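Visitor: Below is a structure I'd like to ask you about.
Computed from the coordinates by the stated procedures, all read-outs in this text should not be read as laboratory data. Since the structure is predicted, the reported quantities are computational estimates derived from the model, not experimental observations. All Cβ positions, glycine included, derive from the backbone under ideal geometry; neighbour counts span all protein chains shown.
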């Protein structure tokens, strides 16, 4: 199953340059890297990245992240994937820009179907 991480441009560039990352400042503060499922990603973008342009959507395969990937209750009592280790560039299945159009982030068509 694919899960998703939203990175700002500088965070994505750091991962590409260094080959690994501890995530965004919120990830470092919480002690794990926050991910979302395909059904959670748009709400995550709206809640935590509202109005921000220059974002990238990163996809990772859950099997490649185990056993350091844990599913924990978060927003709305839903289970969210949290990675308790650095994210390596080799963990990234694909990455693409997450454009902001008229204030709304434009996710890839068929994201939910492609995530399974």
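Visitor: For the chain, calculate the relative contact order in percent as a whole number, restricting contacts to Cα pairs under 8 Å that are 6 or more residues apart.
Guide: Relative contact order here is 36 percent.
Visitor: Over the Cα atoms of segment 2-101, how large are the radius of gyration and the largest Cα-Cα distance (Dmax), in Å?
Guide: 12.5, 37
Visitor: Relative to the present Cα-Cα distance, how much length would full extension add between residue 85 and residue 66 at 0.36 nm per residue of separation?
Guide: Contour length minus the Cα-Cα distance gives 5.8 nm.
Visitor: Further question: Could you give the length gained by full extension between residue 26 and residue 93, i.e. 0.36 nm per residue of separation minus their alpha carbon distance, to one decimal place?
Guide: The span from residue 26 to residue 93 would gain 21.8 nm if fully extended.
Visitor: Within a 10 angstrom radius of the beta carbon, how do 6, 33, 26 rank from fewest other beta carbons to most?
Guide: 26, 6, 33
Visitor: Could you state the number of Å between the C-alpha centres of segment 50-89 and segment 1-21?
Guide: Cα centroid of segment 1-21 versus Cα centroid of segment 50-89: 11 Å apart.
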